Amino acid sequence: MTDARSGNKLLSYVLLVVLGFAMVYPLIWLVVSSFKTNADIFGSSSLFAGSYVTDSYAKGWAGTGQYGFKDFFLNTFVLVVPTVIFTIVSSVVVAYGFARFRFPLQTILFSLMMATLMLPDSTIMIPRYILFNKMGWLDTYLPFIVPAAFATSAFFVYMLIQFFRGLPRELDESAKIDGCNSFTILIRILLPLCKPAIFSVGIFQFIWTWNDFFNSIIYISSVKKFTVSLGLRMTLDASSAVSWNQVLAMSVVSIVPCIILFFMAQKYFVEGISTTGLKG
Amino acid sequence: MSLKKRNYQYVGLLYVLPWVVGLLVFQFYPFLSSFYYSFTDFNMVSAPTFVGLDNYKKILTDDPGFLQALKVTTIYVLMAVPVKLAFALFIALILSAKLRGINFFRTMYYLPSILGGSVAISVLWRFLFMKDGVVNGMTGALGLPAVDWLGDPDIALYTLGMLSVWQFGSSMVLFLAGLKQIPGDLYEAGAIDGASKTRLFFTITVPLLTPIVLFNLIMQMVNAFQEFTGAFVITNGGPMKSTYLYALKLYEEAFTFFKMGYASALSWVLFVIIMIVTAIIFKSSTYWVHYEDGGKGK
């Protein structure tokens with residue numbers, strides 16, 4: 001290796017470390033500051049403080065009103081888990097249909113699906129709201145859960161179609177000879193092979209739904225049913241100057257599920273996003 | 001062709017049926033009816049009344065809020081999207097060199113993309129960039145004057161833009177995947193022909209990455225036009241409406257004033273703008289996007 005080359009490498013490393021640190025620093029600050037006193041949160045450039053408190057978590061978790069973060073967490077799980085499951089089931093079935101069969105209008109339907117990938121949510125948001133209002137679904141989690149059961153996220157369907165296409169068709173053929181019908185081929189043969197793709201879909205949908213704020217604020221109005229995002233915003237707005245560390249503590253808590261999921265299933269993220277994006 | 005027809009497997013239709021229903025009910029119907037509502041006056045209490053082009057006329061000639069939102073959003077898109085993509089590409093290029101620990105760095109850079117859209121991160125941004133917040137604390141320690149990151153109308157929008165740029169990880173992962181796909185023998189062949197590293201970069205790497213640039217550009221542009229959470233939670237459109245993004249205007253008309261007809265018209269104006277920008281990008285792409293397979297895709 002020449003000197004210039006190793007110099008280049010060193011430069012790359014220095015750059016990566018410095019920039020990476022700058023990227024993650026806000027998150028580190030968030031965690032450390034959630035243990036600081038309010039006086040130390042402001043006006044200090046230093047990451048560490050003279051003294052630390054731990055009651056910010058217990059107090060923030062309990063909340064000030066009738067409902068606390070225990071409720072918001074439970075609510076969010078009640079919303080997110082069915083949404084994720086329905087998304088996975090419906091997207092797998094639809095993707096299987098597109099990837100493995102030839103049927104009338106297939107090309108047109110496929111193009112329509114790709115078109116919805118680009119359809120801005122803001123264009124359909126108002127009539128959807130009116131529709132859900134007519135159905136009496138406002139202030140429930142149905143506006144999240146029901147559309148998920150109909151494979152409305154083209155992104156996921158497309159991701160799975162790409163994945164199915166990568167599985168050899170000979171698998172289907174031999175299973176057919178062994179007496180499988182199209183549905184048992186999907187369940188017994190293809191599904192076990194799809195695990196990575198299914199994980200990707202589930203993880204992405206979990207995190208997106210978990211973090212979703214816009215739909216939550218539109219559809220959910222009673223504090224009793226608030227999700228974590230809504231609860232956090234309420235805490236932020238209601239906080240007197242004394243309880244900033246509680247706001248930070250609850251911010252930390254609210255991103256913990258996503259962080260855990262992210263680190264547990266990192267490779268699925270990268271795989272998922274690359275299979276979809278590349279062929280776009 | 002007739003042979004193909006006989007080979008249809010109608011069971012396939014059965015599998016895609018849930019999606020067809022979802023498309024019709026949750027996407028196609030709302031799409032068309034928002035077009036219809038845009039010509040009406042509708043407050044969700046009484047029935048919609050048809051008002052012709054009045055909503056559009058008002059938007060285009062008599063709504064300072066619309067003009068402000070359009071201006072702010074345009075600046076936001078023009079600033080946040082290119083900077084984000086440039087960052088994503090730059091870091092992807094560094095990471096694609098065979099360095100040790102690439103997975104570690106990739107994780108570190110990707111993490112903000114996972115969390116960025118959440119209220120928690122908006123809260124964090126608000127704290128970091130408060131007047132006596134940590135960012136000013138750091139710049140102050142370096143002897144720089146304090147900046148009112150969120151309170152100065154000339155700066156607040158850029159502070160929100162930084163939040164978007166911070167989430168460059170997902171675009172970066174796409175670039176990385178694209179870089180991996182470039183066959184190594186192309187570089188070997190180039191090197192044998194005596195091309196320099198710089199030359200290889202501009203004649204092989206850059207052209208082969210352009211399809212991914214196009215994809216990222218369009219996706220990020222469509223998202224940026226609809227950005228909501230940060231502007232709503234961090235600055236709530238202020239100060240002096242300097243972060244009054246289009247989605248905030250839309251939210252206000254629809255869900256604060258319940259002017260559903262007017263808001264629908266606003267949403268269609270945004271839709272048309274996004275479509276025009278997309279069309280321009282696609283049109284221009286014939287000049288700068290390189291397709292190895294002659295553009296047949298898949």
Complete set of residues in the range A:33-42 that are farther than 15 Å from A:Met250 by Cβ and buried (at least 18 other Cβ atoms within 10 Å of the Cβ): A:Asp40, A:Phe42
The listed residue being at pLDDT 90 or above and either not basic (Lys, Arg) or not in a helix (DSSP H, G or I) (or both), out of A:Phe48, A:Phe98: A:Phe98
Restricting to the range B:130-161, give me the number of residues that are crowded, with 17+ Cβ neighbours inside 10 Å, within 12 Å of chain A (Cβ to nearest Cβ), aliphatic (A, V, I, L, M) and not in a loop (DSSP other than H, G, I, E, B). 2
Residues that are surrounded by 19 or more Cβ atoms within 10 Å (Cβ to Cβ), away from chain A (no Cβ under 11 Å) and in a helix (DSSP H, G or I): does the range B:164-176 have at least one? yes
All-but-one check, B:Phe87 against (1) at pLDDT 95 or above; (2) buried (at least 18 other Cβ atoms within 10 Å of the Cβ), failing number (1)
Just to be sure, is A:Thr76 modelled with pLDDT under 90 and either assigned to a helix (DSSP H, G or I) or within 30 Å of A:Ser222 (Cα to Cα) (or both)? no
If we keep only residues of the range B:10-31 that are under 15 Å from A:Phe110 (Cβ atoms) and among the aromatic types (Phe, Trp, Tyr), then the residue surrounded by the fewest Cβ atoms within 10 Å (Cβ to Cβ) is B:Tyr15
Selected residue (only one of A:Phe163, A:Phe144 is at pLDDT 90 or above and either among the charged types (D, E, K, R) or assigned by TED's automatic domain parsing to the domain that holds A:Val92 (or both)): A:Phe144
If you scan the range A:161-180, which residues turn out to be part of a helix (DSSP H, G or I) and not aromatic (Phe, Trp, Tyr)? A:Ile161, A:Gln162, A:Arg165, A:Arg169, A:Glu170, A:Leu171, A:Asp172, A:Glu173, A:Ser174, A:Ala175, A:Lys176, A:Ile177
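Among A:Ser200, A:Ser251, A:Ser216, A:Ser222, which is at pLDDT below 90 and not aromatic (Phe, Trp, Tyr)? First the steps, then the outcome.
Numbers: A:Ser251 fails: at pLDDT below 90; A:Ser216 fails: at pLDDT below 90; A:Ser222 fails: at pLDDT below 90.
None of the other options fit; the residue is A:Ser200.
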I need a count of the residues in the range A:8-43 that are hydroxyl-bearing (Ser, Thr, Tyr), over 26 Å from the mean Cα position of the chain (by Cα) and either assigned to a helix (DSSP H, G or I) or at the interface with another protein chain (Cβ under 7 Å from one of its Cβ atoms) (or both). 2
Going by the structure shown, is A:Ser90 in contact with a strand residue (DSSP E or B) (Cβ under 9 Å, 6 or more places away or on another chain), part of a helix (DSSP H, G or I) and not basic (Lys, Arg)? no
Matching residues, the range A:72-82, being under 22 Å from A:Trp244 (Cβ atoms) and either touching a Phe, Trp or Tyr at 6+ places or on another chain (Cβ under 6 Å) or surrounded by fewer than 17 Cβ atoms within 10 Å (Cβ to Cβ) (or both): A:Phe72
Residues that are small (Gly, Ala, Ser), away from every other protein chain (no Cβ under 13 Å) and surrounded by 14 or more Cβ atoms within 10 Å (Cβ to Cβ), drawn from the range A:141-179: A:Ala175
So, A:Trp61, is that one within 11 Å of another protein chain (Cβ to nearest Cβ), surrounded by 14 or more Cβ atoms within 10 Å (Cβ to Cβ) and not acidic (Asp, Glu) or not? no
For B:Ala263, work out the one condition from (1) in contact with a helix residue (DSSP H, G or I) (Cβ under 7 Å, 6 or more places away or on another chain); (2) of a type outside the set (Ser, Thr, Tyr); (3) within 29 Å of B:Ala86 (Cα to Cα); (4) in a helix (DSSP H, G or I) it doesn't fulfil. (3)
Which fully enclosed helices (runs of 4 or more DSSP H) of the range B:1-103 have 2 or more residues being under 26 Å from B:Ala224 (Cβ atoms)? B:29-37, B:54-61, B:64-96
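Okay, residues lined up against (1) within 12 Å of another protein chain (Cβ to nearest Cβ); (2) free of Cβ contacts under 8 Å to residues at least 60 places away in the same chain:
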position: B:Gly22; (1), (2): yes, yes
position: B:Pro30; (1), (2): yes, yes
position: B:Phe35; (1), (2): yes, no
position: B:Phe39; (1), (2): no, no
position: B:Lys57; (1), (2): no, yes
position: B:Gly65; (1), (2): no, no
position: B:Leu70; (1), (2): no, no
position: B:Phe90; (1), (2): yes, yes
position: B:Ala97; (1), (2): yes, yes
Condition broken by B:Leu217, with the remaining ones in (1) out of contact with any Pro (no Cβ under 9 Å at 6 or more places or on another chain); (2) surrounded by 14 or more Cβ atoms within 10 Å (Cβ to Cβ); (3) part of a helix (DSSP H, G or I) satisfied: (1)
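The values are calculated or read from the model by the stated rules, or taken from the named source; none is laboratory data. Since this is a predicted model, take the numbers as computed values, not measurements. With ideal geometry, Cβ positions are generated from the backbone for all residues, glycine too; neighbour counts draw on all protein chains shown.
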